[in-house]
Amino acid sequence: METIRELYRIGYGPSSSHTMAPRKAAEIFKQRYPSAASYQVTLFGSLAATGKGHLTDQAVQAAFMPTPVHIIWQPDQLLPLHPNGMQFEAIFADGSISEPWQVYSLGGGALGEDAAALRPQVYGMRSFSELVVHCERHGLAVWEYVEECEDAGLWPFLREIWHAMLATMERGLNAEGVLPGGLGMPRKAWAFYRKATMAGELSQRLGLISAYALAVNEENAAGGQVVTAPTCGSCGTLPAAFRYVQDTHHCSEDSVLRALATAGYIGNLVKHNASISGAQVGCQGEVGTACAMAAGGVTQLLGGTVRQVEYAAAMALEHHLGLTCDPVAGLVQIPCIERNAFAASRALSCAEYALFTDGTHRIPFDDVVTVLWETGNALPSLYRETSNGGLATAYQRRMKK
Ligand code: SF4
């Protein structure tokens, strides 16, 4: 598995697969053909189906500025290896056209010219069960294995990631008004936060966790800077759960960074053994993975053993199996924003549940990841980020009445 730097990326929302990766691909292509008179970009499958709502065209245009770009939308055609395919061509002043470049947005902002594109592999253990045995034998925590595998820049990198997450949250907690996109969705984080600070203990927990997640995901929906965890659409779950636990349990920043390392390993397992792409496996791969990362990290923050960390992550993923991706109007707003708030609360519940046990359970995390992959492949494309089914069509029907 590759470094967790490929999982946590700082970039601009609303979508790691539909804005961050296409923008990066456009920047690479522009460097190859800087003298082109114009560019032609064809978006296939899910990128075309929800690209307008996800602002894919704006991301690509921004990368090619000031050179003009012609975008062709092909929602009903797929390139062979992944639902998020793109083709780039450069057109020169004499009318000649470059070789087409086909590339895929693999989820979480990653790009690949083929779906199995290999970057340097830094983790030997691609199985959580194997890691549990290794850690128990040597008295290690998950984060210590991460530290062994990554380079010396790991902790400064994770500190930058955590600070970027908190900065997004702060911006989101202080912003008011309507989100862009035409749904008329008002931001809610600031009101949740104010009400939560006045509430009793029971409501305060739900109010604060929700406020934190809403703040991050509303910033994402507005095209603000976020950190993928593991994607833009699911970027609020982990920081919300971590911030709540850090505040209420007075955890040091270093312990939060160690939890981020553990969460990164968990997200990496799903990314490499299944998928974190909503276009490929539905929202179970995005918010489900985010919840597993958050649950495992929180369990560690609360003093859990490696076995309890693995159990919490397994539960968090298991109870998101089959979750569809059906964003209304192709925007990353309904159901995405609220879904992160619920996933952050669920992550805490999974951590607490695991801590009540000794971590023994029947279906290991690795098996849940396999089932996620099988379930994702069995989902009709209607439910894999095309906005052609589910809540997206329910909203369209309602608008027609
Ligand atoms: S429904 Fe889930 S997978 Fe789909 S765009 Fe929203 S957050 Fe991403």
To the nearest 10 degrees, the tilt of helix 128-138 (Cα long axis) against the first principal axis of the alpha carbons of the chain is 40 degrees
Quick one: of the DSSP bridges fully inside the chain, what percent are antiparallel, nearest 5?
70 percent
Which of the aspartates and glutamates could a cross-linker span from K30 if the Cα-Cα distance has to be under 17 Å and same-chain partners fewer than 8 positions apart are dropped?
D57, E89, E99, E113
Whole Å is fine, so just give me how far the alpha carbon centre of segment 315-340 lies from that of segment 356-397.
9 Å
Going from the fewest other Cβ atoms within 10 Å to the most, one would list M399, M86 as M399, M86
Amide hydrogen neighbours beyond the local backbone of C235, cut-off 5 Å, H modeled
A229
How much length, in nm to one decimal, is gained on full extension between H250 and Q396, taken as 0.36 nm per residue of separation minus their Cα-Cα distance?
48.0 nm
Counting Lys and Arg as +1 and Asp and Glu as -1, what is the net charge of the other residues whose Cβ lies under 10 Å from the Cβ of V256?
+1
Along principal axes, largest first, the alpha-carbon spread of the chain in whole Å comes out as 69, 49, 39
Sticking with the crude label model, points 7 Å out along Cα→Cβ, report the distance from D94 to S38 in nm, one decimal please.
2.0 nm
Using the basic label-point model (7 angstrom from Cα toward the beta carbon), what is the A199 to Q121 distance in nanometres?
4.6 nm
Here the FRET efficiency for I363 versus I72, based on Cβ atoms and R0 = 45 Å and rounded to 0.05, is 0.50
Taking Cα pairs under 8 Å and at least six residues apart, what relative contact order does segment 267-393 come out at, in percent?
37 percent
Which of the lysines could a cross-linker span from K401 if the Cα-Cα distance has to be under 26 Å and same-chain partners fewer than 8 positions apart are dropped?
K52
Rel. contact order, % - alpha carbon contacts under 8 angstrom, at least six apart, segment 164-247:
30 percent
In what sequence, highest mean first, do 195-203, 233-241 appear when ranked by Cβ atoms within 10 angstrom?
233-241, 195-203
To the nearest 500 deg cm²/dmol, what mean residue ellipticity at 222 nm is calculated for the chain from DSSP H runs of n ≥ 4 alone, each contributing -39,500 (n - 2.57), summed and divided by the residues?
-16500 deg cm²/dmol
Amide H of S38 versus every other amide H placed in the peptide plane: which residues, excluding those fewer than 5 positions away on the same chain, fall under 5 Å?
I91
Coil-residue GluC sites (Glu not before Pro) of segment 115-186, DSSP, other Cβ within 10 Å capped at 12
E176
With +1 at each Lys and Arg Cβ and -1 at each Asp and Glu Cβ, the charge dipole magnitude of segment 174-229 around its Cα centre, to the nearest 20 debye, comes out at 140 debye
Averaged over all directions, how much area does the convex hull of the C-alpha atoms of segment 333-382 cover when projected, in nm²?
4.8 nm²
Between Q58 and E374, with labels modelled 7 Å along Cα→Cβ, what's the label distance in nm to one decimal, could you check?
4.2 nm
Towards the positive end of the charge dipole of segment 128-400, with charges on Cβ (+1 Lys, Arg; -1 Asp, Glu), say which of L173, G285, T237 has the farthest Cα.
L173
Charge dipole (debye, nearest 20) of the chain; +1 at Cβ of Lys and Arg, -1 at Cβ of Asp and Glu
1280 debye
Taking 8 Å as the Cα distance limit and 6 or more residues as the minimum spacing, I'd like the relative contact order of segment 14-132 as a percentage.
30 percent
Sort F29, F342, F64 so that the residue with the fewest other Cβ atoms within 10 Å of its own Cβ comes first and the one with the most comes last.
F342, F64, F29
Net charge within 9 Å of E2 by Cβ-Cβ distance, Lys/Arg positive one each and Asp/Glu negative one each, not counting E2 itself?
+2
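Each reported figure results from applying straightforward, stated rules to the coordinates on display, with no laboratory input. Note that this is a predicted model, so its numbers are computed, not measured. Cβ coordinates were reconstructed from backbone atoms using ideal geometry, including for glycine residues, and neighbour counts include every protein chain displayed.
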